[in-house]
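Peer 1: Below is the structure I would like to discuss, written out as structure tokens.
The values are calculated or read from the model by the stated rules, or taken from the named source; none is laboratory data. It should be emphasised that the depicted structure is a prediction, and the values quoted were computed from it without experimental measurement. All Cβ positions, even for glycine, are placed from backbone atoms using ideal geometry, and neighbour counts span all protein chains on display.
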Amino acid sequence: MGNHAQHIRESYPSRAVTRRGRNYIEFDTGGGQKTFVTTIDPLHLRASETEIDTAWVADTGAWQWKIASTDYQAHARSVFNVGNLYEWRKGEHWIIVDPQSINWINQDNSRQQIAIKRAVTGVPTDETLYFPNAYGAGKHFSYTAHPKRLIKHITIDSLADLPAPESWLTGTIWFEAEFTISTSTGLDLYLDGVKWAKTNGVRVRSANAIDFRDAAGTPLWYADPPIAIDANGDVCQAEYEVRRQGGPRSLFITVRVPREWLLTAAYPVKIDPTFTDGYGGDTATAKDCAIRYSLPIYPDHANNYGTYSRLILLSTEWRVLLQFDLSSIDPTSTCDSATLYTYFDNNGGSGAFSVSLYAIASGNAGWVEGTKSNQLAGAGEPCWSAKEADGSGGVTTAWAGSAGLSTSGTDYEATAIGTITGDKSDIEGTEYADELTASRVEDWFGETNTNYGMLMIPADNNSALFSSDYATTGYRPKLVVTYTEGGGSDPEGSLIGGKLIRGGLLTHGVLVRG
């Protein structure tokens, strides 16, 4: 289902909706009590109560498919090789992208064509528009919509689906996926913070995001840092090349993946040049990301996983940070219960696992999500080594206690507020509903609060959960808070000193039950 708000509403069929916000829906539970369901992915359009719906629906005119109920608009044609396949639009600005051939290419820009695009009709399935065998057998193309981004994947089923390079193509060889682009007037591309001059015949390369900015310099959207992902979740850093070849509108973007990595990858492999909304999904108030430690010969200690589709908790060398926004709940209200819902990503194995949840301490307030998917953290983004990295593998601002938020009482509060338990043999998408300490969650109510997010610390066992960036709507994390409004009453309890007392009496500050 492409409409996460609808999915949540259908979970409470008999309850009236009392309020909506960017990331929440609130229901009337009765007796002065409310159920507040909040997510990290946005549920409603900005400054609106209109629900976001990322399902592809039929369009008219030049386009056959569209996504219109998001902060961006997407349009697509139904046949892969008809030209101008896809448009991303935001207000008056737009970019049209058209996939071209896939190739082998070497350091001299000598090119051997692997395949051209085929006359394949797209198959819509809710938020995904899929072109099977778009480049021939075993080489597919798809668009999957998310409230924050449009995920574009070239999927290769097997190494056997890629012919070996000819003997004349020597040296360092990359897989290349080529796209032509055209843009609205006044829209510019920035690579590594520098405006692309569009000089004819000059090739510019970058492994970082490409910014699409308006005349005022405001980023409207990004082409995310390009990556390739194999069946085991291993990520390879890819590279963009942009060039103008001929007239002023003959613009090209290519994505390059080292052939050396493809030779040892686990298939299927997905090559991922995704577009992200320029606002970044409101990551200042609702966010999740993973960080990882490893030996210095590997880059993981300086990598960010802010847009990764999974919250990886494979061992104690991983941490996950997440934060839900409860600032719109009246701070005089009483939290009756708080339940964190997460969803299992089955990556094999068996045996129980557990993950402890802690409130992040105030010294680490203000961390951001980051924009990477297992890539070097950009300036100001978190990684294992730093709360704010410097963008080149170093540290601008360290975590309050130690790397990886590893110091109890300084990086995170010493007492756990919840535990996630499951088994590695659970099926994909298994829901875990885990109670959090209600009194601590209550401290997160109101605009002035002590909500700096939660930290997940796994035991030394293998597990993974889906993140807010996962394509399947119902597998993204959510927090369900039941609270009694400040100054209200409840037939099952009494408000004493601003706190709801159920099933007992408050005597000299001590709750006596029974």
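Peer 1: Evaluate region 444-457: report whether one residue or more is under 20 Å from Gly404 (Cα atoms), outside any strand (DSSP E or B), touching an Asp or Glu at 6+ places or on another chain (Cβ under 6 Å) and in contact (Cβ under 8 Å) with a residue 24 or more places away in the chain. Steps first, answer last, please.
Peer 2: Pass one, region 444-457, residues under 20 Å from Gly404 (Cα atoms): 451-457.
Next, only the ones that are outside any strand (DSSP E or B) stay: 451-453.
Restricting the remaining residues to those that are touching an Asp or Glu at 6+ places or on another chain (Cβ under 6 Å) gives none.
Scanning region 444-457 turns up no residue that is under 20 Å from Gly404 (Cα atoms), outside any strand (DSSP E or B), touching an Asp or Glu at 6+ places or on another chain (Cβ under 6 Å) and in contact (Cβ under 8 Å) with a residue 24 or more places away in the chain.
Peer 1: Out of the residues in region 202-219 that are in contact with an Asp or Glu (Cβ under 6 Å, 6 or more places away or on another chain) and not polar (S, T, N, Q), state the one that is surrounded by the most Cβ atoms within 10 Å (Cβ to Cβ).
Peer 2: Within region 202-219, the first condition is being in contact with an Asp or Glu (Cβ under 6 Å, 6 or more places away or on another chain), and the residues that meet it are 203, 205-209, 213, 219.
Subsequent filtering for residues that are not polar (S, T, N, Q) retains 203, 205, 207, 209, 213, 219.
On the way: Arg203: 13, Arg205: 13, Ala207: 15, Ala209: 24, Arg213: 19, Pro219: 16.
This residue is Ala209.
Peer 1: Continuing with this model, one more query. Checking the conditions here, which among Trp88, Trp104 is assigned to a strand (DSSP E or B), under 26 Å from Lys139 (Cβ atoms) and in contact with a helix residue (DSSP H, G or I) (Cβ under 9 Å, 6 or more places away or on another chain)?
Peer 2: Working: Trp88 fails: in contact with a helix residue (DSSP H, G or I) (Cβ under 9 Å, 6 or more places away or on another chain).
Every option except Trp104 fails the conditions.
Peer 1: Further, regarding this structure: Does at least one position in region 73-84 carry a residue that is hydroxyl-bearing (Ser, Thr, Tyr), at pLDDT below 95 and crowded, with 16+ Cβ neighbours inside 10 Å?
Peer 2: Narrowing region 73-84 to residues hydroxyl-bearing (Ser, Thr, Tyr): 78.
In the following step, the residues that additionally are at pLDDT below 95 were identified as none.
No.
Peer 1: Could you please give the count of residues in region 88-106 that are of a type in the set (Asp, Glu) and either closer than 16 Å to Phe275 by Cα or touching a Lys or Arg at 6+ places or on another chain (Cβ under 8 Å) (or both)?
Peer 2: 1
Peer 1: Tell me whether region 6-18 contains one or more residues that are within 24 Å of Asp336 (Cβ to Cβ), under 22 Å from the mean Cα position of the chain (by Cα), in contact (Cβ under 8 Å) with a residue 60 or more places away in the chain and part of a loop (DSSP other than H, G, I, E, B). It would help to see each step written out before you state the result.
Peer 2: Filtering region 6-18 for residues within 24 Å of Asp336 (Cβ to Cβ) gives 7-18.
Pick out the ones that are also under 22 Å from the mean Cα position of the chain (by Cα) and you get 7-8.
Adding the requirement that they be in contact (Cβ under 8 Å) with a residue 60 or more places away in the chain leaves 7-8.
Next, only the ones that are part of a loop (DSSP other than H, G, I, E, B) stay: none.
No - not one qualifying residue is present in region 6-18.
Peer 1: Please go through (1) under 27 Å from Thr183 (Cα atoms); (2) in contact (Cβ under 8 Å) with a residue 12 or more places away in the chain; (3) touching an Asp or Glu at 6+ places or on another chain (Cβ under 7 Å) for Lys66 and return the number of the only condition it doesn't satisfy.
Peer 2: Exception for Lys66: condition (2).
Peer 1: Can you give me the number of residues within region 421-450 that are surrounded by fewer than 21 Cβ atoms within 10 Å (Cβ to Cβ), of a type outside the set (D, E, K, R) and within 24 Å of the chain's Cα centre (by Cα)?
Peer 2: 7
Peer 1: Out of all the residues in region 169-178, is one or more at pLDDT 95 or above and on the phi > 0 side of the Ramachandran plot?
Peer 2: Here is the first cut: in region 169-178, the ones at pLDDT 95 or above are 169-178.
Applying the additional criterion that residues be on the phi > 0 side of the Ramachandran plot yields 171.
Yes, because at least one residue in region 169-178 is at pLDDT 95 or above and on the phi > 0 side of the Ramachandran plot.
Peer 1: Would you call Gly429 modelled with pLDDT of 95 or more and in contact with a strand residue (DSSP E or B) (Cβ under 6 Å, 6 or more places away or on another chain)? Steps first, answer last, please.
Peer 2: Numbers: modelled with pLDDT of 95 or more: no; in contact with a strand residue (DSSP E or B) (Cβ under 6 Å, 6 or more places away or on another chain): yes.
In short, no.
Peer 1: Now a separate question. For region 405-412, indicate whether the set of residues that are surrounded by fewer than 19 Cβ atoms within 10 Å (Cβ to Cβ) and modelled with pLDDT under 95 is non-empty. Before the answer, list the steps.
Peer 2: Taking region 405-412 first, the residues surrounded by fewer than 19 Cβ atoms within 10 Å (Cβ to Cβ) are 406-410.
After this cut, where a residue has to be modelled with pLDDT under 95 as well, the list is none.
Checked against the condition, which is being surrounded by fewer than 19 Cβ atoms within 10 Å (Cβ to Cβ) and modelled with pLDDT under 95, region 405-412 yields no hits at all.
Peer 1: Same structure again: Give me the strands (runs of 3 or more DSSP E) completely within region 107-189, filtered to those with at least 3 residues that are touching a residue at least 24 places away in the same chain (Cβ under 8 Å) and surrounded by 15 or more Cβ atoms within 10 Å (Cβ to Cβ), ordered by residue number. Outline the logic, then answer.
Peer 2: Numbers: elements: 111-115, 123-125, 128-131, 139-145, 149-156, 173-183.
Output list reads 111-115, 128-131, 139-145, 149-156, 173-183.
Peer 1: Right, another one. Kindly provide the set of residues from region 348-388 that are within 20 Å of Pro226 (Cα to Cα) and either loosely packed, with under 15 Cβ neighbours inside 10 Å or hydrophobic (A, V, I, L, M, F, W, C) (or both), ordered by number.
Peer 2: Leu376, Ala377, Ala379, Cys383
Peer 1: Identify all residues within region 329-354 that are modelled with pLDDT of 95 or more and over 23 Å from Thr472 (Cα atoms); write none if there are none.
Peer 2: Listed by number, the residues that qualify are Ile329, Asp330, Pro331, Thr332, Ser333, Thr334, Cys335, Asp336, Ser337, Ala338.
Peer 1: Something else about it: Looking only at residues in region 284-328 that are at pLDDT 90 or above, part of a strand (DSSP E or B) and of a type in the set (A, V, I, L, M, F, W, C), which one is farthest from Leu376 (Cα to Cα)?
Peer 2: Looking at residues that are at pLDDT 90 or above, part of a strand (DSSP E or B) and of a type in the set (A, V, I, L, M, F, W, C), I get Leu322.
Peer 1: State the number of residues belonging to region 366-423 that are more than 23 Å from Arg310 (Cα to Cα) and either aliphatic (A, V, I, L, M) or assigned by TED's automatic domain parsing to the domain that holds Asp224 (or both).
Peer 2: Counting residues in region 366-423 that are more than 23 Å from Arg310 (Cα to Cα) and either aliphatic (A, V, I, L, M) or assigned by TED's automatic domain parsing to the domain that holds Asp224 (or both) gives 4.
Peer 1: Next question, about the same structure. Restricting to region 402-446, give me the number of residues that are closer than 16 Å to Ser362 by Cα and of a type in the set (S, T, N, Q).
Peer 2: Of the residues in that region, 6 qualify.
Peer 1: Among the numbered conditions (1) touching a His at 6+ places or on another chain (Cβ under 9 Å); (2) over 25 Å from Ile151 (Cα atoms); (3) not assigned by TED's automatic domain parsing to the domain that holds Leu465, tell me where Ile271 comes up short.
Peer 2: (2)
Peer 1: Of the residues that make up region 43-61, is at least one part of a strand (DSSP E or B) and of a type in the set (Phe, Trp, Tyr)? If you could, list the steps in order and put the result at the bottom.
Peer 2: Step one: filter region 43-61 for residues part of a strand (DSSP E or B), giving 44, 51, 53, 57-58.
From what is left, the residues that are of a type in the set (Phe, Trp, Tyr) are none.
No.
Peer 1: Same structure, new question: Determine whether region 233-247 contains at least one residue that is surrounded by fewer than 18 Cβ atoms within 10 Å (Cβ to Cβ), closer than 22 Å to Ala74 by Cβ, touching a strand residue (DSSP E or B) at 6+ places or on another chain (Cβ under 9 Å) and modelled with pLDDT under 90.
Peer 2: No, region 233-247 has no match at all.
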